[in-house]
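These notes are about the structure you will find just below.
Read the figures in this text as sums done on the coordinates, not as results from a lab. Here the structure is a predicted model, which is why all the values come from computation and not from measurement. Glycine also receives a Cβ, built like all others from the backbone with ideal geometry; neighbour counts cover every protein chain displayed.
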Amino acid sequence: SVQCWGSNALGQLGVGSGTPSSSTPLTVPGIADAVAVAAGDFHTCVLRSSGGVSCWGEGSLGQLGDGDSLDSPTPVTASFRAVTEIDEIEASGNTTCVIEDSAAARCWGAGVAGQIGDGAAVNRSQPTVVGGYGRYDEIVPGAGETCGVTLRRLECWGSNDDGGVGDGTFSQRNTPVTVQLGPVRVAAGDRHACALRTGGSVWCWGQNSSSQVGDGSFAQRTTPVHAAGTFGNGAVTVQAGGRH
């Protein structure tokens, strides 16, 4: 089962529109086979044991994946155009991404800054195949950029206003481009991203106004730089928040 709590202003708790907010967990009706949950700013999605996806909350940018742009305070089914089974789901901001059992990635929701990665730079109300290498082990949407990890490389795409794509430019990227780090694990924040390299070192890039890149400066970084100080080569995982 799935339980949610907090604000329900746009139906993101999934329990209907009669509850404006809740300080205690509420059970989402109609969901009894959930295996993973992902929450964005004002929408929530779950991966079900059948391999399908259900979403609820704000849908104005296509965040629910049901082919519409309407909010829903209760779960609706994301519309996949091909029969598939989903292995992983992640959400951030107004974008949701999944990895299929074939290792192909699909994203939906906000896409005008290139976050979907299909080359079109438009919002998508149905799961849409990401371009690039095409086979992903991990995919992580952020507020302005999305990154995916393959067996061979790290790829990112999106607005790149603050260098969050990590390719050395500030140019919007509507399809995946390679970040020169090799195999990694990745975390995306608000216009910045960090990666854990093989061996345990942490590298970050993008917006750095609050020193979220961790290199001892406040300068934007358009390519990955080593997070200075305590990590050395001993890190085992990495996560990114808004500005940390």
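Extending 7 Å from Cα along the Cβ direction at R81 and again at A120 yields two label points whose distance is 0.7 nm. Based on Cα contacts under 8 Å between residues 6+ apart, the chain shows a relative contact order of 11 percent. A Förster distance of 41 Å, applied to the separation of the beta-carbon atoms of T178 and S1, puts the FRET efficiency at 0.50. A simple spin-label model places pseudo-atoms 7 Å from Cα toward Cβ; at D101 and D137 they are separated by 2.1 nm. Among the trypsin sites (Lys or Arg not before Pro) within the stretch 87-168, those in coil by DSSP and having at most 13 neighbouring Cβ atoms inside 10 Å are R152. Annotation for A34 and S210: the two label points, set 7 Å from Cα along the Cα-Cβ direction, are 2.7 nm apart.
Global dimensions of the stretch 168-244 from alpha-carbon coordinates: Rg and Dmax equal 11.8, 35 Å.
Its residue count N sets the reference 2.2 N^0.38 Å, and the alpha-carbon radius of gyration of the chain equals 0.99 times that reference. Put the Cα centre of the stretch 13-44 next to the Cα centre of the stretch 65-136 and the gap is 20 Å.
Across the stretch 100-184, the relative contact order, built from alpha-carbon pairs under 8 Å that are at least six residues apart, equals 26 percent. Across the stretch 162-233, C-alpha contacts under 8 Å between residues 6 or more apart give a mean separation that, scaled by the residue count, equals a relative contact order of 32 percent. Free of any chymotrypsin sites (Phe, Trp or Tyr not before Pro) that DSSP assigns to a loop and that have at most 15 other C-beta atoms within 10 Å, the longest stretch within the chain is 1-169.
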